[in-house]
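Right, one structure below, let's go through it.
The values are calculated or read from the model by the stated rules, or taken from the named source; none is laboratory data. Just so it is clear, the structure is predicted and the values come from calculations on it, not from any experiment. So basically every Cβ, Gly included, is an ideal-geometry build from the backbone, and we count neighbours across all protein chains shown.
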Amino acid sequence: MRRGARPRVAVIQRSKDKLWVLPRGKLKSYERPVAGARREVVEETGFRVQVCEFVGVITYQTRGRPKVVRFWLMQAEAHPSYQVMKDVAAVEWLSFGAAVKRLSLPLEKLFLTNVGRHAVLRPRRPQTRMAKALTIKAGSGPKSSARRTRA
């Protein structure tokens, strides 16, 4: 999402089938879920992001196998830093209601309506001193990215 007068939610149009979906993808064998989610969002939207919090999970069958998609609330930078990957035909930053309407898959519409609404539209409380201190402490050292996601 991007903050402003009204929050904006990223939706992407896949090149292969022209469906509008939330940014997502597959983990590489060595990746942790939050790192893979961050990488996929950057590749699919072109925006660097900061992971804020875990939002939820959807599961469904694809090619006879279960698929699990984990979603995080992420804060995007103001301007894109990268070109989007060739698998993405378009990226749009929409208001919450417009994003729900634009999504092609009923399960994603349901997820964003019922779960995403609480994450995207709720007012953000300022960080407490303790939370700021944990964030700063987690940002130092070689394993900072793993610790930062837990702070």
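Structure data summary
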read-out: VAL100 within 15 Å of the chain's Cα centre (by Cα) and part of a strand (DSSP E or B); value: no
read-out: Region 1-33, residues that are in contact with a Lys or Arg (Cβ under 7 Å, 6 or more places away or on another chain) and either polar (S, T, N, Q) or assigned to a helix (DSSP H, G or I) (or both); value: SER15, PRO33
read-out: Some residue of region 79-86 being out of contact with any Ser or Thr (no Cβ under 8 Å at 6 or more places or on another chain), at pLDDT below 50 and not in a helix (DSSP H, G or I); value: no
read-out: Selection count where residues are without any contact (Cβ under 8 Å) to a residue 60 or more places away in the chain and surrounded by 12 or more Cβ atoms within 10 Å (Cβ to Cβ), scope region 1-33; value: 6
read-out: Boolean, PHE71 is surrounded by 16 or more Cβ atoms within 10 Å (Cβ to Cβ), on the phi < 0 side of the Ramachandran plot and not in a strand (DSSP E or B); value: no
read-out: Yes/no for GLN50 being farther than 25 Å from LEU110 by Cβ, in a strand (DSSP E or B) and under 16 Å from the mean Cα position of the chain (by Cα); value: yes
read-out: Flag for GLY36 being of a type outside the set (D, E, K, R), touching a Leu at 6+ places or on another chain (Cβ under 6 Å) and either outside any loop (DSSP other than H, G, I, E, B) or without any contact (Cβ under 8 Å) to a residue 40 or more places away in the chain (or both); value: yes
